[in-house]
1. Just one of 86, 146, 105 is closer than 30 Å to residue 189 by Cβ and of a type in the set (A, V, I, L, M, F, W, C); which is it?
2. Only one residue in 190, 118 is out of contact with any helix residue (DSSP H, G or I) (no Cβ under 7 Å at 6 or more places or on another chain) and over 27 Å from residue 215 (Cα atoms), so which one is that?
3. Just to be sure, is residue 104 under 19 Å from residue 134 (Cβ atoms) and out of contact with any Phe, Trp or Tyr (no Cβ under 6 Å at 6 or more places or on another chain)?
4. For the stretch 152-168, what are the residues that are in a loop (DSSP other than H, G, I, E, B) and either under 19 Å from residue 71 (Cα atoms) or in contact with a Gly (Cβ under 8 Å, 6 or more places away or on another chain) (or both)?
5. Looking at 360, 294 in this structure, which one is in a helix (DSSP H, G or I) and at pLDDT below 80?
6. Residue 191 - would you say it is at pLDDT 90 or above and of a type outside the set (D, E, K, R)?
7. Within the set of pairs 6 or more residues apart or between chains, which connect a residue that is without any contact (Cβ under 8 Å) to a residue 40 or more places away in the chain and closer than 12 Å to residue 243 by Cβ inside the stretch 39-53 to a residue that is of a type in the set (A, V, I, L, M, F, W, C) and surrounded by 21 or more Cβ atoms within 10 Å (Cβ to Cβ) with Cβ atoms less than 6 Å apart?
8. Which one of 177, 212 is under 26 Å from the mean Cα position of the chain (by Cα) and modelled with pLDDT of 85 or more?
Amino acid sequence: MIDESMDTEKMKAPPQPWEFRSKPAWQRFIVMIGGIVMNVLLGIVIFAFYLHHYDKDYLPVAAMDKGIYAFEAGEELGFKTGDKLLSINGKSPNRFEDYRSMELLFGADVKVERNGQTVDIQLPDTLFSRKGEDYFVPYNHKIEVLGVLEGSAADKAKLQKGDYVVGLKDELVENFGEMQAKLELYKNQTVPLDIERDGKMQTVEVAIDSTGKIGFFPFFNYKAVNIVKPYSWAESFKYGIKEGWEAIYFNAKGIGLMFTGKINPVESMQSPIGIAKFFGSVWNWQRFWRITGLLSFVLAFMNILPIPALDGGHILFIIIETLRGKPLSDKFLERAQIAGMLLLIPLMILIMAKDIWQILKDLF
């Protein structure tokens, strides 16, 4: 076959029975799509393993009896603290995580129950560009300390299991979502923390770190902690397939937005250098498997694009050959292969140069 090797001399000889080019179109189609299918299957297996082994469980939406806590960014979009999630784009997912998936970031119709009424919230398709923002969390409950991280600011402030956090810097906090928002405001500061212990109120000084944390594990008092549902293997594969499909679908949608000018293609693409940064400077197996599973799906999607030099380009030519009843000429395939490489190689160089430049900027 005329592929990246560009071995056109060999193509001048008669095809041998064991060669790819001597096989019927349907067999060549199976060979070319095989790598894409394996990337999808591998991604599903990795995601299923990840959910079952690392995430372990999920929060059912039905268990959120007090609804969500809406941050300021969420309120700007139309959410209110206490809203109960009903559906997203006409579907009613069982997991809370599905309401914070990529589906939310590319324009969504979210229905919530508010004071007994159904409220429709239309989200714009530009949320993907607002990086690092949180809109709502399921922690609209009283804050009870379940445990304290040894050596943390909470440990030094003598917080204990069973304490209730009720105020921060002389401001009332009624739920963990509200506390998260206030901790963000006072990063790198030492502030008074009001706690209730054995029915008595007291105040301790606590140092908030640069990430807005003080180092304790909250017990979310939504009835009991056992409302969190463990993933069965069947659910792990079910949601692995769902998350894989979303990765492929929203990558396709993202490419569409590049053509409309809503996404900067250079900023949105990563070379192997940029991808390596996602894995972090400290090894973490959980992060490794999550990113590897995602990359497997992304690779499947990129490889099926109908660009010469990719599997998708070869598949397109096989389909055209089947429709016209005879193969495309070697000269056409050779030129198409060159055109595909002339498109991909400069793009790869540009993206790699961009990632190297970003590293140099961060260093100096």
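1. Values: 86 fails: closer than 30 Å to residue 189 by Cβ; 105 fails: closer than 30 Å to residue 189 by Cβ.
Going through 86, 146, 105 in turn, the sole match is 146.
2. Working: 190 fails: over 27 Å from residue 215 (Cα atoms).
Testing whether each residue is out of contact with any helix residue (DSSP H, G or I) (no Cβ under 7 Å at 6 or more places or on another chain) and over 27 Å from residue 215 (Cα atoms) leaves just 118.
3. On the way: under 19 Å from residue 134 (Cβ atoms): yes; out of contact with any Phe, Trp or Tyr (no Cβ under 6 Å at 6 or more places or on another chain): yes.
When the stated conditions are applied, residue 104 passes them.
4. Taking the stretch 152-168 as the starting set, the residues that turn out to be in a loop (DSSP other than H, G, I, E, B) are 152, 157-163.
Correct list: 152, 161.
5. Details: 294 fails: at pLDDT below 80.
After ruling out the rest, the residue left standing is 360.
6. Details: at pLDDT 90 or above: yes; of a type outside the set (D, E, K, R): yes.
In short, yes.
7. Partner pairs satisfying both residue conditions: none exist.
8. Numbers: 177 fails: modelled with pLDDT of 85 or more.
None of the other options fit; the residue is 212.
The values are calculated or read from the model by the stated rules, or taken from the named source; none is laboratory data. Bear in mind that the values here come from a model prediction, so they are computed numbers and not experimental data. Methodologically, a virtual Cβ is constructed for each residue, glycine included, from the backbone with ideal geometry; neighbour enumeration extends over all protein chains shown.
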